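In what follows, a single structure is set out as structure tokens and then discussed.
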Amino acid sequence: MGNLGEFNAAEVEPNSFDVLPAGDYDAIIIASERKPTSKGGHMLKLELQVLNGEYQNRKIWDNLNIWNSSDKAVQIAKGTLSAICRAVGVMTPKDSTELHNKPLRIKVAVRKSEDYGEQNQIKAYKPRLTGATYSEPSPPADPVTPVADTETPW
């Protein structure tokens, strides 16, 4: 049991987990973590936050299969990582945390899944448009877990 103290739901807007409409959004990577996959490899899980507009502060996630037995999956993941690095201006990161809190532009699509319904998918990472403005996002509630490099880096 957890004591909720003086919490009043009437004073807090509820979260929305609806998918973002397809389109381009200014965003930042706010967290990243190396996680095992179901087939024995590892992926880099990215958590991004929209910076401005109607969907400011909404989150979206992406997974990069950088450490995988499938050469094709690794090739796709490294291509996506290259796009992220170019978009944020960090060409040789040693750790994924070097990509955090740097504005970039993402192209978001909506895909239908038989198992999960509609889901967002990031289709492209690009440099942020010049002149775009945003408010600094609130820090994440939980501390960011840096990716530990326990195997061969990409």
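Rule-based calculations on the coordinates, nothing more; no lab input. Keep in mind the model is a prediction, meaning the values are calculated, not measured. Neighbour counts are summed over all protein chains in view; Cβ atoms, including those assigned to glycine, are modelled from backbone coordinates with ideal geometry.
Data table
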item: Amide H contacts of residue 108 (H built 1.01 Å from N, under 5 Å, at least 5 apart or other chain); result: 23, 24, 25, 123
item: Sorted by Cβ density within 10 Å, fewest first, the residues 55, 116; result: 116, 55
item: Alpha-carbon Debye profile of segment 1-86, log10 I(q)/I(0) at 0.16, 0.26 Å⁻¹; result: -0.80, -1.24
item: Which of 86, 128 has the fewest Cβ neighbours within 10 Å, and the rest in rising order; result: 86, 128
item: Per-residue HN-Hα couplings for segment 47-53 [Karplus 6.51, -1.76, 1.60; θ = phi - 60°; Hz; x = Gly/Pro]; result: 10, 10, 10, 6, 8, 8, x
